[in-house]
Each structure stands twice: as C-alpha cells, then as structure tokens.
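One structure below.
The values are calculated or read from the model by the stated rules, or taken from the named source; none is laboratory data. Everything numeric in this text was worked out from a predicted model, so none of it was measured. Cβ sites come from the backbone with ideal geometry, for glycine too, and all protein chains shown count toward neighbours.
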Amino acid sequence: MADLSVNIGKLNLKNPVMTASGTFGYGVEFEDFVNLEEIGGIIVKGTTLNHREGNPYPRMAETPSGMLNAVGLQNKGVDYFVEKIYPKIKDINTNMIVNVSGSDIESYVKTAERINELEKIPAIELNISCPNVKQGGMAFGVTPEGAAEVVSAVRKAYDKTLIVKLSPNVTNITEIARAVEAAGADSVSLINTLLGMAIDAEKRRPILSTITGGMSGAAVKPIALRMVWQVAQAVKIPVIGLGGIMNWRDAVEFLLAGATAIQIGTANFIDPAITVKVAQGIDDYLNRHGFASVKDIIGGLEV
C-alpha cells in the first residue's frame, strides 16, 4: 500500500478522504454500511448555537446529475450536541470534526468556544455561507472583509485546527481565500453548494419551499475543480476540495489540482460506502503509477 496520510494544519488524516457536512449525519448513522475508522475525517452536520427547525418542506429536489437542498441547518443546537451526540462519537478512531454555523459573529464565537472544550474534537469547519443578519442577510463569505471578520473572531476563541468552508457564489474566490488565510484559518474547504432553483412546470410553482437552494452532485464538479485549482495557487494553507466527487477518479483529479484532502457529499446518498471505496481507489491509482505517497500527486497537475 502507498502512504495515504496527509496533514491539515495539526490534523493528521490516515487518508485524504473526508465526508461533507450535512451528508453523513453524525457518522453513527452509517455504521452499518462502512467502517467509520477507515475514513480520514468525518465532518458532522451543521451545528448552531441554538436549536433550528430548518426550512419548511419540500426542501430537497433532484436535478440532472445533482440535487438541490434547502434544509436550512436543522439541528438541536450546540448544547444538545455536547450532551447527547459527543458521547456517542468521541471514541470513533478517526478525526471527528464539527461544522459550525451562525447568524452573527457572536453566535459563531460562542458555538466555537463550546466545541473547543471537547477533547476528542480536533477541528471545526466554519461555514461562512450563513447570512450576516447585521448586513441585511448577506452571507459573511461573499466579501473578503466579512469573511475575515468572522474568521478572526473565531480564531481568538478557538485554538485547534480551523477549517473555513468557502462559498462559490462569489466573483473571485481567491480573494476570499486569501482573506481568511490572513485572518488565521489553518485550511480552506471548497466548494459549498451553488445557488440554484427548480420549477414544477405543471403547477407553475417552485419545487422548493424556499424557491432557491444549494445545488450539489456530479454536475458541479467542473466548477469546483476550477475553484480548487485557483485557490491552491493563491494560498499557502492546505486546501480541501469538494463538489461533485462521485468516485476515486474524481478525487484524484482534485488532488492533482492542489487539494490536500477531499470531501464526499452527495455520493453518500447513492452509495453509503463510497468513502472507503474512494480511499481504496486512490491507493490503487498510486500503486499503478508508482507513487509511494499520496503527497506525491498533490498539486501535480502539469499545465
């Protein structure tokens, strides 16, 4: 076997395959399908300071080669996570990472502080695609200033590995990436979902209750790949690539584009064991091409 281990800041992953937040529950839901300890890192569903009901139904819709979701960060809040979920996942022998969301800087910071107290949670992924209520609902992550402000505040409150998840719904993603790097991020993950919509022609109504939602799945891969390649050249911190990764070949393409690790999202709904299959596929690829380590292909795209 090739050496599949990679490092994201102080975080050591046994292989570069992670799960994308919101597509893998808290990990334990997939225990019957896959050995969780064979996954490099598991990013659990989005956690906010307070309980959130999420958006009204319908909030998911199929699209050609993808899906739309508008779940709306439904969760029972950080205290519930600490008291009820953490005891169930803390002894899983892999990197259990919490995706943190908020509606203002104070809620981001308070949630991060609570997670910081948990010994067996070595990192958080900061979702800065959430609306900044003080700026009229505009997402923090769509301007360098907004992104840097929330990352800087969380950095002061959180002393473990800080991954920042970037929104693709921007004009220049490299500017956002550089801003969060300067503000103290240890890594960036991209892309979050693309804004899309679906219409029921017979009813002449939107399919989603929220009209628009986040698009994911195979159809977004070329956009995600391009953005990962651009950001990997723009920052010095590790890049985690995601968006439309459905098999090992997709994963290898992201690694070649400069990603140190990858996340699998929508594909988990199709094949709940896809994470381990992708890790095995990366290993096969490295062996076939004579690479001793996955690090040998990271950023190895010849242009």
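Results for (1) within 25 Å of Asn7 (Cβ to Cβ); (2) among the β-branched types (Val, Ile, Thr); (3) more than 19 Å from the chain's Cα centre (by Cα), shown as yes or no for each residue.
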| position | (1), (2), (3) |
| --- | --- |
| Leu208 | no, no, yes |
| Gly217 | no, no, no |
| Val228 | yes, yes, no |
| Val231 | yes, yes, no |
| Pro238 | yes, no, no |
| Val252 | yes, yes, no |
| Leu255 | yes, no, no |
Handout entry: In segment 176-193, the residues that are touching a residue at least 40 places away in the same chain (Cβ under 8 Å) and in a helix (DSSP H, G or I)
Key = Ala177, Arg178, Val180, Glu181
Practice task
Being out of contact with any Phe, Trp or Tyr (no Cβ under 6 Å at 6 or more places or on another chain) and either closer than 16 Å to Ile264 by Cβ or part of a strand (DSSP E or B) (or both) is the filter here, so list the residues in segment 43-64 that pass it.
Solution key: Ile43, Lys45, Gly46, Arg52, Met60, Ala61, Glu62, Thr63
Fill in the blank from the handout: Filtering segment 279-296 down to residues that are in contact with a strand residue (DSSP E or B) (Cβ under 7 Å, 6 or more places away or on another chain) and not hydroxyl-bearing (Ser, Thr, Tyr) yields Ala279, Ala292, Val294, Lys295
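Residues are listed down the side, and each one gets a yes or a no for (1) under 14 Å from Gly46 (Cβ atoms); (2) of a type outside the set (Lys, Arg):
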site: Met96; (1), (2): no, yes
site: Asp104; (1), (2): no, yes
site: Leu126; (1), (2): yes, yes
site: Asn132; (1), (2): no, yes
site: Val142; (1), (2): no, yes
site: Gly146; (1), (2): no, yes
site: Val154; (1), (2): no, yes
site: Lys165; (1), (2): yes, no
Handout entry: Residues located in segment 217-251, provided they are within 19 Å of Lys277 (Cα to Cα), surrounded by fewer than 24 Cβ atoms within 10 Å (Cβ to Cβ) and among the hydrophobic types (A, V, I, L, M, F, W, C)
Key = Ala218, Met246, Trp248
Practice task
Say whether the condition of being assigned to a loop (DSSP other than H, G, I, E, B) and either surrounded by fewer than 18 Cβ atoms within 10 Å (Cβ to Cβ) or touching a Lys or Arg at 6+ places or on another chain (Cβ under 7 Å) (or both) is met by at least one residue in segment 263-271.
Solution key: yes
Handout entry: Residue list for segment 65-100, restricted to those being assigned to a helix (DSSP H, G or I) and surrounded by fewer than 15 Cβ atoms within 10 Å (Cβ to Cβ)
Key = Asp79, Tyr80, Glu83, Lys84, Pro87, Lys88
Completion exercise
The lone condition Gly196 fails out of (1) surrounded by fewer than 24 Cβ atoms within 10 Å (Cβ to Cβ); (2) outside any strand (DSSP E or B) is (2)
Practice task
Kindly indicate the residue of segment 129-169 that is modelled with pLDDT under 95 and aliphatic (A, V, I, L, M) and also farthest from Gly54 (Cα to Cα) among those meeting that condition.
Solution key: Val142
Exercise for the section: Residue by residue through segment 103-123, note down the ones that are in a loop (DSSP other than H, G, I, E, B) and among the hydrophobic types (A, V, I, L, M, F, W, C). Expected result: Leu118, Ile121
Problem - Every residue from segment 101-143 that is buried (at least 20 other Cβ atoms within 10 Å of the Cβ), free of Cβ contacts under 8 Å to residues at least 60 places away in the same chain and either among the hydroxyl-bearing types (Ser, Thr, Tyr) or under 25 Å from Val34 (Cβ atoms) (or both) - result: Ser101, Tyr108, Ile121, Ile124
